[in-house]
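To start, the structure itself, in structure tokens.
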Amino acid sequence: AQSVTQLDSHVSVSEGTPVLLRCNYSSSYSPSLFWYVQHPNKGLQLLLKYTSAATLVKGINGFEAEFKKSETSFHLTKPSAHMSDAAEYFCVVTLGGATNKLIFGTGTLLAVQP
Amino acid sequence: NAGVTQTPKFQVLKTGQSMTLQCAQDMNHEYMSWYRQDPGMGLRLIHYSVGAGITDQGEVPNGYNVSRSTTEDFPLRLLSAAPSQTSVYFCASSPGTRFQPQHFGDGTRLSIL
């Protein structure tokens, strides 16, 4: 069965320092993986997606993620945090087959300190 | 381009009342779904639809009904509201394949007293 584990529920960084949000997945299929961001009182916005092309995926706002099959990981990184990055981040895997059902991680709340 | 539109944005209900959460998309997407978001639990799938006239249950369907009479609309009905249904509800749509990201509405914040 497919599942997603976000290893940290809260991460706090200082502005200008690197960001690392960790995600491990379990999938019986070759997975499609996504990172979404949710700002307060807003819906979810796609940051980036992995669909079996390049293993290093670049997204919006300077974020990127690397798919590592051997480690079943899809960690999200950014070289330098900005105050506007403060939000909740969700790692998501798509189930295989004919449907487009998503399995969400429980989220990582990123705080950025000035 | 409106994307996915959810109404209302906020709602307070009494236990036992019924209501319909509206969701509309203008992108001609085949796939639509409803999720609920609760603290510490991520988003959980309630119901989904792969096209007009076709719906199926997700992870937490009890207490909710859906229908899909048109491609654009996918309403979610609470039959008899319970306090356990207090949550934030999100509607999403996508072109239909598992490689395509889903587009989310801004959510409906529902409180059941």
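Values quoted throughout were computed directly from the atomic coordinates according to the rules given, and no laboratory measurement underlies them. What you see is a predicted model, and the numbers here were worked out from it, not measured in a lab. All Cβ positions, even for glycine, are placed from backbone atoms using ideal geometry, and neighbour counts span all protein chains on display.
A simple rule links phi to the HN-Hα coupling: the Karplus curve 6.51 cos²θ - 1.76 cosθ + 1.60 with θ = phi - 60°, which for the stretch A:79-94 gives x, 9, 6, 10, 4, 6, 7, 4, 4, 9, 10, 10, 8, 9, 10, 9 Hz, with x for Gly and Pro. For the stretch B:17-25, backbone phi angles converted through the Karplus equation (6.51, -1.76, 1.60; θ = phi - 60°) give residue-by-residue couplings of 6, 10, 6, 10, 8, 9, 9, 9, 10 Hz, Gly and Pro being listed as x. The packing ranking of peptides B:19-27, A:1-9, highest mean first, is B:19-27, A:1-9, where packing means the average number of other beta carbon atoms within 10 angstrom of each residue.
Counts of other chain beta carbons within 10 angstrom of each beta carbon in peptide A:36-43 average 4.
Less than 5 angstrom separates the built amide H of A:GLY107 from those of A:GLN6, A:CYS91, all sequence-distant by 5 or more or on a different chain.
Between the amide H of A:HIS82 and those of A:GLY16, distances stay under 5 Å, these residues lying 5 or more places away or on another chain, with hydrogens modeled in the peptide plane. Cross-link check: pairs A:LYS49/A:LYS78; A:LYS58/B:LYS9; A:LYS42/A:LYS78; A:LYS101/B:LYS14; A:LYS58/A:LYS101; A:LYS49/B:LYS9 evaluated at a Cα-Cα cut-off of 25 Å; pairs beyond the cut-off: A:LYS58/B:LYS9; A:LYS101/B:LYS14; A:LYS49/B:LYS9.
Candidates B:TYR48, B:VAL60, B:HIS103 compared by Cα position along the dipole of chain B: farthest toward the positive end lies B:VAL60, with charges placed on Cβ.
Taking every residue in B:30-37, how many Cβ atoms of other protein chains lie within 10 Å of its Cβ, on average?
Working: counts 1, 3, 1, 4, 0, 3, 0, 7.
Mean partner-chain Cβ count within 10 Å for B:30-37: 2.
Loop-located chymotrypsin sites (Phe, Trp or Tyr not before Pro) across the stretch A:9-45 with a Cβ neighbour count of 14 or fewer within 10 Å are A:TYR29, with loop assigned by DSSP.
Using the Kirkwood formula over every pair of different C-alpha atoms, what hydrodynamic radius in Å results for the protein assembly as shown?
Numbers: mean 1/r = 0.0554 Å⁻¹.
Evaluated over the protein assembly as shown, this radius sits at 18.0 Å.
Each of the trypsin sites (Lys or Arg not before Pro) that DSSP puts in a loop and that has at most 16 other Cβ atoms within 10 Å breaks chain B; the longest unbroken stretch is B:15-113.
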